[in-house]
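K.L.:
Got a structure for you, written out below as structure tokens; questions coming shortly.
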Amino acid sequence: MPRLLALSFLGLLATACAPRRPAPGASNEPRPDVVLEGAHLRSYEGDTLQVSGTASRVLYRRAGGEVQATEVVVRLPPGKGSSASQQEDTIITAPNMDGSLASKRWVGSGGVVVQTAEGLVANTPRLTYDSDARRAHGDEGVTMRGPDYQMRADRFTLSSADQTFTFEGTVQAVLGGATE
């Protein structure tokens, strides 16, 4: 979940924290080095905001650069070449997100919702985001609802730079004032 967690802030915080020793009889999973409650997140590449958002709780493990977050809302600003109608953020919400600062990827799970400025709302069980490519994809199906249509597809790719979706596999669409 690179850039999503204000790398510089976490880096400073992680180096300031001493590693915790597990209590006798504790689970085998290592305890996090840093726990943030009610986190506000911003990530920049140079002076350009790449990702912003909030999380109810963020756990960070310094050893592998692993991050786990709950109740996450991520805002992906449009790319520089976006049209005037695409100047609002794409918003992704997920009950859970796991990521790695090393891989610069994060995975949202537990019922992910994507909302675009054009009024499109997509629901998928799981979404993987690659910050280097500024692309998200899912292979567990997606349903979408727009102002005058509904869709379902087996797989999808979302480019956050230009806010476009690509669908693959079986794709079904209902056009013209569709309702569920």
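K.L.:
Taking +1 at the Cβ of each Lys and Arg and -1 at the Cβ of each Asp and Glu, which of Trp106, Ala122, Ala133 sits farthest along the dipole of segment 88-163 towards its positive end, judged by Cα position relative to the Cα centre?
P.N.:
Trp106
K.L.:
Which order do Phe167, Phe156 take by accessible area at a 1.4 Å probe, largest first?
P.N.:
Phe167, Phe156
K.L.:
Give me the 1.4 Å probe accessible area per residue for segment 129-175, excluding ligands and nucleic acids, in Å².
P.N.:
So segment 129-175 comes to 52 Å² accessible per residue, rounded to a whole number.
K.L.:
If you don't mind, another one. Using R₀ = 25 Å, calculate the FRET efficiency as 1/(1 + (r/R₀)^6) where r is the Cβ-Cβ separation of Leu175 and Thr54; round to 0.05.
P.N.:
Computed FRET efficiency for Leu175 and Thr54: 0.10.
K.L.:
For segment 28-165, which semi-axes, largest first and in whole Å, follow from the square roots of 5 times the eigenvalues of its Cα gyration tensor?
P.N.:
Equivalent-ellipsoid dimensions as semi-axes: 26, 18, 13 Å.
K.L.:
Right, another one. Using the Cα centre of segment 53-179 as the reference point, and only Cβ charges (+1 on K/R, -1 on D/E), how large is the resulting charge dipole? Debye, rounded to the nearest 20.
P.N.:
360 debye
K.L.:
Using 0.36 nm per residue of separation minus the Cα-Cα distance, give me the extension gain between Arg135 and Tyr44 in nm, one decimal.
P.N.:
31.1 nm
K.L.:
While we're on this one: Heads up, I need the accessible area for Thr164: 1.4 angstrom probe, whole protein in place, Å², nearest 10.
P.N.:
60 Å²
K.L.:
Would you calculate the separation in nanometres between label points at Asn123 and Ile91, each defined as 7 Å from the Cα along the Cα-to-beta-carbon direction?
P.N.:
Going by the 7 Å Cα→Cβ label model, 1.7 nm.
K.L.:
Sticking with this one: Could you give the length gained on full extension between Arg152 and Glu37, defined as 0.36 nm per residue of separation minus the Cα-Cα distance, in nm?
P.N.:
Full-extension gain reported as 37.8 nm.
K.L.:
To continue, here is another question. Just how much of Thr166 is accessible, in Å², when a 1.4 Å probe is used and the result is rounded to the nearest 10?
P.N.:
Accessible area of Thr166: about 70 Å².
The values are calculated or read from the model by the stated rules, or taken from the named source; none is laboratory data. What you see is a predicted model; the values in this text were computed from it and never measured. Glycine also receives a Cβ, built like all others from the backbone with ideal geometry; neighbour counts cover every protein chain displayed. Surface accessibility is based on the protein's heavy atoms, side chains included, excluding ligands, DNA and RNA. Shrake-Rupley method; radii C 1.70, N 1.55, O 1.52, S 1.80 Å.
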